[in-house]
Amino acid sequence: MDAQPKKRLSPLTLVLSLIIVLLLAVAVFLAVSKFGAEKEPEAENLGNPSTPLIGYEEGVTVVDDPDALQKAVDKAYEKAAEGGIPMEFTKEAFSEDGTTLSCYIANPATAKYDIYVQLFADAALTDELYLSGLIPPGKAMREITLKHSLEEGNYEVFAVYTQVEEDCSTIHGQAIVTMDFRVGQLE
């Protein structure tokens, strides 16, 4: 019997084989992770490229149970039946000196909750001009004093109405409206 010598792999062949096996393993891993994972729905910009994209809120789930969906709809209708935040105010307000403002801001007699009102000079709601105390239903303010003076001119001011529950610490609801302030002499 002739014994044939075994062929031995060279170190270079062994290293190349190992690299090929590793590359195949990485390719399989990437393919599985990219195509195997569920994709989140992407926001679409339909039409105008300057329109901001709106995506799904984190934690949004699909309701498959018709009974659960009906309960959610019923609850929404109950909340809507309570009504919104009743507000009474004049759209325009006037000040001769830039500090004392003639206006009408009220909590209607039909309201169920006390309110307080904040007035802001900017849409970001960072430049607070005024913060009222609690205003009970049926009461109004006709003149207020701003925290800082406004120069002569016309201003769009953001009024935040906040309803407060009986414990005076729980916010029941909020609404933002704009008011037009005019500072200067009457024409």
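The values are calculated or read from the model by the stated rules, or taken from the named source; none is laboratory data. What you see is a predicted model; the values in this text were computed from it and never measured. Here the Cβ positions follow ideal geometry from the backbone for every residue, glycine too, while neighbour counts run over all protein chains shown. Just so you know, the surface numbers come from the protein's heavy atoms only, side chains and all, with ligands and any DNA or RNA stripped out. Shrake-Rupley method; radii C 1.70, N 1.55, O 1.52, S 1.80 Å.
Taking the listed residues Y130, Y155, the one that is open to solvent by less than 60 Å² (accessible area, probe 1.4 Å) and within 15 Å of G98 (Cβ to Cβ) is Y130, with no other qualifying. Among residues that are of a type in the set (S, T, N, Q) and crowded, with 18+ Cβ neighbours inside 10 Å, Q163 is included. Among the numbered conditions (1) in contact with a Gly (Cβ under 8 Å, 6 or more places away or on another chain); (2) exposed (fewer than 12 other Cβ atoms within 10 Å of the Cβ), the only one that S149 does not meet is (2).
Of everything in segment 165-187, what is outside any strand (DSSP E or B) and within 25 Å of D114 (Cβ to Cβ)? Give them in sequence order.
Hits for segment 165-187 are E165, E166, D167, C168, S169, T170.
With respect to (1) closer than 24 Å to V177 by Cβ; (2) open to solvent by less than 60 Å² (accessible area, probe 1.4 Å); (3) at pLDDT 70 or above, the lone exception for E88 is condition (2). Restricting attention to segment 99-140, the residues that are in contact (Cβ under 8 Å) with a residue 12 or more places away in the chain, assigned to a loop (DSSP other than H, G, I, E, B), among the hydrophobic types (A, V, I, L, M, F, W, C) and within 14 Å of I176 (Cα to Cα) total 3. Checking the structure you have, find out if any residue of segment 141-164 is closer than 20 Å to P86 by Cβ and part of a loop (DSSP other than H, G, I, E, B). No, segment 141-164 contains no residue that is closer than 20 Å to P86 by Cβ and part of a loop (DSSP other than H, G, I, E, B). Within segment 113-156, restricting attention to residues that are of a type in the set (S, T, N, Q) and more than 22 Å from the chain's Cα centre (by Cα), the residue that is nearest to Q185 (Cα to Cα) is N154. All of (1) among the aliphatic types (A, V, I, L, M); (2) open to solvent by 70 Å² or more (accessible area, probe 1.4 Å); (3) assigned to a loop (DSSP other than H, G, I, E, B) hold for L69 with one exception: (3).
Scanning segment 47-63 turns up one or more residues that are among the acidic types (D, E), at pLDDT below 65 and loosely packed, with under 10 Cβ neighbours inside 10 Å.
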